[in-house]
Amino acid sequence: MPLYLHNTVTRLKEEFKPLVPGQVRMYACGPTVYDYFHVGNARAFVVFDTLRRVLERRGYQVTYVQNITDVDDKIIRRAKESGTSPQAVAQSFTQAFFEDLQALGCRPADISPKATEHIPEMLALIGRLFERGHAYQAGGDVFFSVRSLPGYGSLAGKPLDELEKGARVEVNPLKRDPLDFSLWKAAKPGEPAWDSPWGPGRPGWHIECSAMSMKYLGEQFDIHGGGEDLVFPHHENENAQSEGATGKPLARYWLHNGHLQIRGEKMSKSLGNFWITREVLRTHPAAVLRIFLLGAHYRSPLDLTPENLDAARQGHAELLRTVERLNELLRTPAAEDYRADDAADRLEQERNGIVEHFEAALDDDLNTAGALGQIYTLANRSKQVLARRPDRTFKMFSTLQKVRDNLRDMLDVLGLTAESVDVPLEVRQWVEDRRAARERREWAESDRLRDRIAERGFLLEDTPFGTLVLRAADEPSTPGAAGGTA
């Protein structure tokens, strides 16, 4: 089945066809490193990490670029507030970004370019815009003339006049048009600055992404992603200046994830209603946060509540527990001799269909909510089999082994893990001692050994197939909002 993605430019789901067969070049906007990123930012990082995994699962060779904006008004402002330098602020929060991204279970991008290390590329790109009549200088500033490019506003889906009415644009009397945006900003005292043909200064936000993406992915590439709040003005301007310089749209497919909300409002630092990701990860495993973020379609709004996080925790715990049960069952020497009733037979028949529905959901514009639903379906079906007493002649070992491997594989595509439980040999011996005590009907000794095993962080589950050793579940704990209300 082909992969379909919703293209912001056309407002349609389109069959994905890369520019070069077998290869995908993808760019997703990274952080402006003036603070720790919040869970709303994390949603974009998780969505495009998952898209990359899905593309690789389909056999594509993916080149994934995610930038670091390390020169910006917000960084300069944070430096003044903290009494340090913009470079120190950027360096500190860049390191924190990579740490938190790893903690979130996201694989690092193939290339993570920093804006400050690509000033020559930005100057060259601005020069091309001058040559093509799209840029002008006013004082020490350089601006892009939006009316010089027919079709400006196509990404936002609005004509110029309508964009001008509702836009939050930088007020500057030097600009020819209110919508014109900065390519180069004249130097100000105490701010980072670089030499340029138009005087010392620093790059505008939009030119940074164009220069870095084009350096590593070419003048036109396959996918550009980010949060829907970036559609205008950032991505509109990014695309405009790139097309103005090359005559080609920057990306063929533009993907944007929906807002994360608290009480119906977009999560943002400007509103003060945000949860810092690293604070949430102190009380919730990364897999729980990923399940929550992938539990709705990426283009839909998603409400962050303690109840929704705890629901994700419970779902994750059940998935882990199911995989653990299967691992425990399949590791026993007599596993291949187990028999099962018609429930196992039906599971064998359903397993392939569930995997097909899982893949179809991901192929339908990255429907991770539907894909998670199929994982839960397969887990629940296997639980039903494990709960029944084996009394028929159908050998189920190979079926359960395939189910276990399917669950592991599907979880991995979503960036989730289902590691095997490392049960110490001492605990295994206590389990065997407890089994022997139960055979002797020494119930007090059996209970003592169960309690001793629990003290080591494990619980026992007596099933028709024998006693399984599982990890004890963690108690849920939900943080409050960081820097605002939750």
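Around the amide H of Q23, modelled in the peptide plane, lie the amide H atoms of Q61, all under 5 Å away and 5 or more residues distant in sequence or on another chain. Averaged per residue, the range 38-85 has 35 square angstrom of accessible surface, using a 1.4 angstrom probe with ligands and nucleic acids left out.
Per-residue 3J(HN,Hα) values for the range 254-265, derived from phi via the Karplus relation 6.51 cos²θ - 1.76 cosθ + 1.60 with θ = phi - 60°, read 10, 10, 9, 8, x, 6, 8, 10, 10, 6, x, 10 Hz in sequence order (x marks Gly and Pro). Using 0.36 nm per residue and subtracting the Cα-Cα separation, the extra length available between E117 and S85 on full extension is 9.8 nm. Across the protein chains, with a 1.4 Å probe defining accessible surface, the residues R331, R321 rank R331, R321 from largest area downward.
The peptide list 130-139, 106-115, put in order of mean Cβ contacts within 10 Å with the highest first, becomes 106-115, 130-139.
Rg and Dmax of the chain, based on Cα coordinates, read 27.1, 93 Å.
Restricting attention to the chain, close to 55% of DSSP beta bridges with both partner residues there are antiparallel. Across the range 434-440, rounded Karplus estimates of 3J(HN,Hα) from the backbone phi angles (6.51 cos²θ - 1.76 cosθ + 1.60, θ = phi - 60°) give 5, 4, 5, 5, 5, 5, 8 Hz, Gly and Pro being marked x. Between A311 and T467, what is the label-point separation in nm under the 7 Å Cα-to-beta-carbon projection? Using points 7 Å along Cα→Cβ, the separation is 3.7 nm.
Put a dot 7 Å past the Cα of H357, heading toward its Cβ, do the same for L174, and the two dots end up 6.0 nm apart.
When shorter helices are ignored and each DSSP H run of at least 4 residues is given -39500 (n - 2.57), the per-residue value for the chain at 222 nm works out to -14500 deg cm²/dmol. With a simple spin-label model that places each label point 7 Å from the Cα along the Cα-to-Cβ direction, the separation between Q95 and K17 comes to 4.9 nm.
Ordered by solvent-accessible area of protein heavy atoms (1.4 Å probe), largest first, the residues E455, E164, E238 come out as E455, E164, E238. Cross-link reach is defined here as a Cα-Cα straight distance under 29 Å, omitting same-chain residues fewer than 8 places apart; for K383 the lysines meeting it are K395, K402.
For the cross-link pairs K17/K248; K74/K114; K188/K269; K80/K215; K74/K248; K114/K188, the ones whose C-alpha atoms lie over 24 Å apart are K188/K269; K80/K215; K74/K248. When a 1.4 Å probe is rolled over the protein heavy atoms, the share of accessible surface on the chain that falls to carbon and sulfur comes to 47 percent. The accessible area of E442, taken with all protein chains in place and a 1.4 Å probe, comes to roughly 80 Å². Given a Förster distance of 45 Å, report the FRET efficiency between L160 and A369 from their Cβ-Cβ distance, rounded to the nearest 0.05. With R0 = 45 Å, the Cβ-Cβ based efficiency is 0.75.
Taking 0.36 nm per residue of separation and subtracting the Cα-Cα distance, full extension of the segment from A103 to L425 would add 112.9 nm. Taking all protein chains as shown and a probe of 1.4 angstrom, H235 keeps an accessible surface of around 0 Å². For the residues T417, T8, T63, a 1.4 Å probe over the protein chains yields an accessible-area ranking, largest first, of T417, T63, T8.
In the full protein context, the range 131-255 carries 41 Å² of accessible surface per residue, based on a 1.4 Å probe and ignoring ligands, DNA and RNA.
The values are calculated or read from the model by the stated rules, or taken from the named source; none is laboratory data. Since we're looking at a predicted model, the values are computed, not measured. No Cβ is skipped: glycine too gets one built from the backbone with ideal geometry, and neighbour counts run over all protein chains shown. Areas reflect the complete protein model, heavy atoms only, side chains present, ligands, DNA and RNA absent. Shrake-Rupley method; radii C 1.70, N 1.55, O 1.52, S 1.80 Å.
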